[in-house]
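Participant: Pasting in a structure now, in structure tokens, and then I'll have a few things to ask.
Coordinate-derived values only; no laboratory data. Computed from a predicted structure; not experimentally measured. Here Cβ is always computed from backbone atoms with ideal geometry, including for glycine, and neighbour counts include all displayed protein chains.
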Amino acid sequence: MRRAHIFDMDGTLLHGTSAPLLLAGALGQVDALHDLERRFAEGSATAVDFARALHAMWGVVPPEVAAEAFAAAPLLANVRAVLADIRARDESACLITMSPQYFAEQFLDFGFDAVFGSRFPLTADDPLDESAILHPRDKPVLAERFCADHGLALEHAIAYGDSMSDVFLFDAVGIRVAINGDHHLAERCDLAVDGTDLLPAYEAARRLGDPAGRPRASDGC
């Protein structure tokens, strides 16, 4: 059975951190970002509130700053190898994140078929479009559209996530893999894998979905 693979980014492919924190580090504004992330985690700030505050603090982030932040990111090992194996099986993979798309799209070079993120203004002349800021409920909608575009079924997809932002996606797919997951996914996941390497989580998902099959992913990241 051909499957779609749907990946979260913050806390999942980015181990123990998020794109906003990495960008804040590159911009020298980590303290302000920590307070904003705390309010979002507590529920006192919505995704749009979060985006408004980011845009007010940073304005338009230059591409070179985003590239610097991405270069410093603690990525899980073997992301490239896993994506190469997915392609070798004629399957498809996408990344869906609530973080800025201008950061997330740098993962396209790793072999993703598509990357979806919150779209922030790219020039100082453009206002923040609040309708372009993603909410956790948007994840299954985007995943379903991606699956349809690639001739795959969402109910057979494998999702990889870590937190409350993945709850709605996990409710919509066939196999749910928590990678360094928190309590929000404890009762919603089929597999829970901790560590700094994507390959064990991918192999475990493969065994669950097709016990007779074996992953072909090779070492390397």
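Participant: In the stretch 148-171, how many residues are among the hydrophobic types (A, V, I, L, M, F, W, C) and within 16 Å of the chain's Cα centre (by Cα)?
Facilitator: As a first pass, look at the stretch 148-171 and keep what is among the hydrophobic types (A, V, I, L, M, F, W, C): 148, 152-154, 157-159, 164, 167-170.
Then keep just the ones that are within 16 Å of the chain's Cα centre (by Cα); that gives 157-159, 164, 167-170.
Residues flagged as among the hydrophobic types (A, V, I, L, M, F, W, C) and within 16 Å of the chain's Cα centre (by Cα) within the stretch 148-171 amount to 8.
Residues are listed down the side, and each one gets a yes or a no for (1) in contact (Cβ under 8 Å) with a residue 24 or more places away in the chain; (2) more than 21 Å from Tyr160 (Cα to Cα); (3) under 12 Å from the mean Cα position of the chain (by Cα):
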residue	(1), (2), (3)
Ala56	no, yes, no
Asp85	yes, no, no
Met98	yes, no, yes
Phe107	yes, no, yes
